[in-house]
Amino acid sequence: MEKIADYMYALDESAIVAITDQKGLITHVNDNFCKISKYSRKELIGQDHRIINSGYHPESFIRNLWTTIANGKVWKGEIKNKAKDGTYYWVDTTIVPFLSSDGKPYQYVAIRFDITGRKKGEEDLNKSLKEISDYKYALDVSAIVAITDQKGTIRHVNENFCNISKYSAEELIGQDHRIINSGYHPKAYIGELWTTIANGRVWKGELKNKAKDGTYYWVDTTIVPFLKADGKPYQYVAIRSDITERKKGEEHIKKINHQAIEHGKALEFKNRQLVDFCNIVSHNLRGPLINISMLIDYLEESESEEEKNEVQAKIKPVVNHLMEVFNELVESIQVKQDTAIEGEKLYLDNCLEKVLVGFETEIKEFQAEVKADFSEAPVVFFPQKYLVSIFTNLIGNALKYRSPDRSPEIYIESSSVSGATLLSFSDNGLGIDLNLHQQHLFKIRKTFHKHPDAKGFGLFMIKTQIEAMGGDIWAKSQPGKGSTFFVKIKNEKHEQH
Amino acid sequence: MNSIKNLTLIDDDEVFVYLTRKTLKKTNLVGQVRVFENGLDALNFIKTNLDRKEELPEVIFLDLSMPIMDGWQFLQEYRQLKLGPVKNITIYICSSSISPDDVARAKAINEVSDFIFKPITSQKLLDIVDSL
C-alpha cells in the first residue's frame, strides 16, 4: 500500500491528474491541473469535464476518445485545452477507465503532461517551413534560379532558368555552369566574381549569358554562397532576373545619344555657315546696294549736268562690284552644294607643275624661286578642281604679297599625319599680323595688305573647298618675315556636313 | 556757321565716302572732313596729333568692315589712348551691317554713341548734330 501511495505522490507531482465519473463530471483534480487550467479546485469539482474544452479538435476526434474509454480501453493523444483566462495549453493525455466488476467504467483517470512548449515549437517550425516553401515558390516563379556545388557544377535549375537559357533541366544538371558563358566579360570581371563567392561573400552584378541557340541574354545576378560550419561554401545559389530588354534599351539610348551629338555637331557647323553667310549678305551685298540706291537718289535730285555725269560714272563700278561679290557667293555656295564631287588620286608634283605654268610671267618678273618636296606623301585623294584652286591661290598670294626687300621664295612640302596628308606652303613675303587678323583670315572680302588686287576671296574660297571635303586650313605668320599655310587633306571619300 | 568743325570718316568704300561728303557739304553743318580708308591710318593720325586738339575731330563715322584694321580693332586700340581728358570725340558706327550681333556688340562699347545703318541721309545728319 505504501508503494501505491508513493506512486500516487510521484504522479501528483509530475503529472496533471483529473478524475471524472462515467458521465464526465469532475470528481478530483490535482494541484497541477488547477495550475495549468487556472481554475480553483472548487470551480472544477462537479463540473463537466468540457469546461476546459478548447473547441479545437474535430468532433470525430472527441467521439473516438469517448468511444475508446467508454469501451474500457485506454486512450492516448494530444489535446488542446482552454484555461479559465481563455489561453490555450496542450497536454499529452492518457485516459484510463476504471472498470466496475461488470466491466463498465465507473470513473476515468486522466493523466496529462504539459506539452504546450513543444507544440508551440512544432507550430513555429511548421510555420517557418511553410514560409520557406512559400519563399521558394515565390522565388521560383519570379526569378531565374540555379544552384551549383562549390566547383560550379549545376545541381538545380528552376523552370525560368530553362526557359531563358533554352536548355532542358536534364541538359543542365551535372554540367559546368560555364555552359551559358557568353565570353563577353573580361577575365578580371569573372575572376572577381569567383573570388567574392569563394570567400563566402554575396556577389551582385550584371552578366551577359548565352542561350543554347546562340542568342544572348542579360541577367541581373545575385550569387549567395551557402556555407558549411567551417565557413566554406558548399553550394552557390544564383538568383537572376532578365534585364535583356533594359540592356537593349540602354544600348539603344547610347546609340541615339551618339547620333544626337553627331547631328548637333553637323547642325552647329551648318549654323556657323549660316551666320557667316548672313554676315556676308549684311556686309558685302547690302553695302554696294546702298551705294547704288544713294547714287540713283543723287542722280534724280541733281540739277547740275556736271554732277549728274559724275554720279552716273560711279554707278557702273558699284554694279560690277556687286556682281563680282554675288558671283563669288554663288561659287562658294556651289561648293557647299556640290555633294557629288569626289576625290581622285592626284600626284602633287603634277598639280604643282600645271599651276606653275600659269605663274610663269610673274615668277620670271619677280625672280621668284618655287621649291617642293612631296617625297614623304606624293599622292592625295581629292577633287582635282579644288587641289588646283588651293595651289593657285596660295602660290598666287605668296607672289602677290611678296616682300619689296627680297625675291620671293616659296617652299611646298607634304607629309603624312595619321592617314591624312598635311601640305605646307611657306613664303618669305610680307606676312600677316595674326594677332589682328586671325579671326578674319579666311573670311570673304577681308584683306590684310594694301594691294590693288587684294580682293579677300581666295582664302575664303579654298577654305570652303577644303572644309567641304572634311579637311582643314590654318596659318602661321610673322609680319615682315613670311607666312606658312597648312592644309590638311583627309584622303577620304566626300563626307557631307 | 558750322555745327561740327571737324569730322572724320573712317571707311574704305569710295562711293560711300563720295556720297557722304556730298551730303555733308549740302547740309552746311560740317567744316572739315577727313577720310581714312582703314582704322590703322585713322589711329596713326590721332596718335600723331594728340597735342593738337584742333586737328582732332569732334565726330567720327566709323565703318566696321575694312581691310588692314577694321572698326572693332580700331575701337580696341582707340580705348587705349584714353582721349577723354584731351578731347571729347563722339563716335558713330556707320555700317551697312544690319546684323543684330553687330548692333549688340557696338552697344556694349562705351566709346560708341550710336549705331547708324548706312546710308547717311541729310535728315540723319541733322538729328546727329541736334543730339551733340
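The values are calculated or read from the model by the stated rules, or taken from the named source; none is laboratory data. Please read all numbers here as calculations on a predicted model, not as lab measurements. Note: ideal-geometry Cβ built from the backbone for every residue, glycine included; neighbour counts use all protein chains shown.
The set of residues from the range A:80-95 being touching a residue at least 24 places away in the same chain (Cβ under 8 Å) and either in a strand (DSSP E or B) or touching a strand residue (DSSP E or B) at 6+ places or on another chain (Cβ under 7 Å) (or both) comprises A:Lys80, A:Asn81, A:Lys82, A:Ala83, A:Tyr88, A:Tyr89, A:Trp90, A:Val91, A:Ile95.
Residues are listed down the side, and each one gets a yes or a no for (1) of a type outside the set (Asp, Glu); (2) surrounded by fewer than 18 Cβ atoms within 10 Å (Cβ to Cβ); (3) more than 14 Å from every other protein chain (Cβ to nearest Cβ); (4) without any contact (Cβ under 8 Å) to a residue 60 or more places away in the chain:
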{"site": "A:Pro288", "(1), (2), (3), (4)": "yes, no, no, yes"}
{"site": "A:Ile292", "(1), (2), (3), (4)": "yes, yes, no, yes"}
{"site": "A:Asp297", "(1), (2), (3), (4)": "no, yes, no, yes"}
{"site": "A:Glu300", "(1), (2), (3), (4)": "no, yes, no, yes"}
{"site": "A:Val319", "(1), (2), (3), (4)": "yes, yes, no, yes"}
{"site": "A:Gln334", "(1), (2), (3), (4)": "yes, yes, yes, yes"}
{"site": "A:Phe382", "(1), (2), (3), (4)": "yes, no, yes, no"}
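Sub-9 Å Cβ pairs linking a first residue in the range A:473-488 that is under 11 Å from A:Phe425 (Cα atoms) to a second residue that is in a strand (DSSP E or B) and among the acidic types (Asp, Glu), at least 6 apart or interchain, are A:Gly482/A:Glu409; A:Gly482/A:Asp427; A:Ser483/A:Asp427; A:Thr484/A:Asp427; A:Phe485/A:Asp427; A:Phe486/A:Asp472; A:Val487/A:Asp472, ordered by first then second residue.
Kindly check whether there is at least one residue in the range A:384-398 that is in contact with a helix residue (DSSP H, G or I) (Cβ under 7 Å, 6 or more places away or on another chain) and farther than 23 Å from A:Ala468 by Cβ. So far as the range A:384-398 goes, no, none of its residues is in contact with a helix residue (DSSP H, G or I) (Cβ under 7 Å, 6 or more places away or on another chain) and farther than 23 Å from A:Ala468 by Cβ. Do we find a residue being surrounded by 10 or more Cβ atoms within 10 Å (Cβ to Cβ), of a type in the set (D, E, K, R) and within 31 Å of the chain's Cα centre (by Cα) anywhere in the range A:144-157? Checking the range A:144-157: not a single residue is surrounded by 10 or more Cβ atoms within 10 Å (Cβ to Cβ), of a type in the set (D, E, K, R) and within 31 Å of the chain's Cα centre (by Cα).
Of the strands (runs of 3 or more DSSP E) contained entirely in the range A:390-497, not one carries at least 2 residues that are within 14 Å of chain B (Cβ to nearest Cβ). Taking residues in the range A:232-261 that are acidic (Asp, Glu) and modelled with pLDDT of 90 or more, and partners anywhere that are assigned to a helix (DSSP H, G or I) and surrounded by 10 or more Cβ atoms within 10 Å (Cβ to Cβ), the pairs with Cβ atoms closer than 9 Å and at least 6 places apart or on different chains are A:Asp242/A:Asn160; A:Asp242/A:Ile164. Looking only at the range B:1-45, which residues are assigned to a helix (DSSP H, G or I), of a type in the set (A, V, I, L, M, F, W, C) and closer than 20 Å to B:Val129 by Cβ? Matches in the range B:1-45: B:Phe16, B:Val17, B:Leu19, B:Leu24. Screening the range B:82-103 for residues that are touching a helix residue (DSSP H, G or I) at 6+ places or on another chain (Cβ under 8 Å) and in a strand (DSSP E or B) and picking the one that is surrounded by the fewest Cβ atoms within 10 Å (Cβ to Cβ) gives B:Tyr92. Count of the range A:40-79 residues, restricted to those that are out of contact with any Gly (no Cβ under 7 Å at 6 or more places or on another chain) and assigned to a strand (DSSP E or B), is 6. Can you tell me which residue in the range B:22-40 is surrounded by the fewest Cβ atoms within 10 Å (Cβ to Cβ), limited to those that are within 12 Å of chain A (Cβ to nearest Cβ) and within 13 Å of the chain's Cα centre (by Cα)? Per the stated criteria, the residue is B:Glu37. Residues in the range A:400-450 that are modelled with pLDDT of 90 or more and under 22 Å from A:Glu328 (Cα atoms): A:Lys400, A:Tyr401. Annotation: of all residues in the range B:46-81 being more than 14 Å from every other protein chain (Cβ to nearest Cβ), in a loop (DSSP other than H, G, I, E, B) and in contact (Cβ under 8 Å) with a residue 24 or more places away in the chain, the one that is surrounded by the most Cβ atoms within 10 Å (Cβ to Cβ) is B:Pro57. The single condition among (1) on the phi > 0 side of the Ramachandran plot; (2) buried (at least 17 other Cβ atoms within 10 Å of the Cβ) that A:Ile79 does not satisfy is (1). Within the range A:349-365, can one find any residue that is within 14 Å of chain B (Cβ to nearest Cβ), of a type in the set (S, T, N, Q), surrounded by fewer than 19 Cβ atoms within 10 Å (Cβ to Cβ) and without any contact (Cβ under 8 Å) to a residue 24 or more places away in the chain? No - not one qualifying residue is present in the range A:349-365. Scanning the range B:61-83 for any residue that is more than 21 Å from A:Leu285 (Cα to Cα), of a type in the set (Asp, Glu) and touching a Phe, Trp or Tyr at 6+ places or on another chain (Cβ under 6 Å) turns up nothing.
Yes/no per residue for (1) at pLDDT below 90; (2) in contact with a Pro (Cβ under 8 Å, 6 or more places away or on another chain):
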residue: A:Tyr56; (1), (2): no, no
residue: A:Trp66; (1), (2): no, no
residue: A:Asn81; (1), (2): no, no
residue: A:Thr94; (1), (2): no, no
residue: A:Phe98; (1), (2): no, yes
residue: A:Asp102; (1), (2): yes, no
residue: A:Gln107; (1), (2): no, yes
residue: A:Ile111; (1), (2): no, no
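Counting only strands (runs of 3 or more DSSP E) wholly contained in the range A:188-253, the ones carrying 2 or more residues that are closer than 17 Å to A:Thr153 by Cα and aromatic (Phe, Trp, Tyr) occupy A:233-242. Among the residues of the range A:18-37, at least one is part of a helix (DSSP H, G or I), touching a helix residue (DSSP H, G or I) at 6+ places or on another chain (Cβ under 7 Å) and under 13 Å from A:Lys84 (Cβ atoms).
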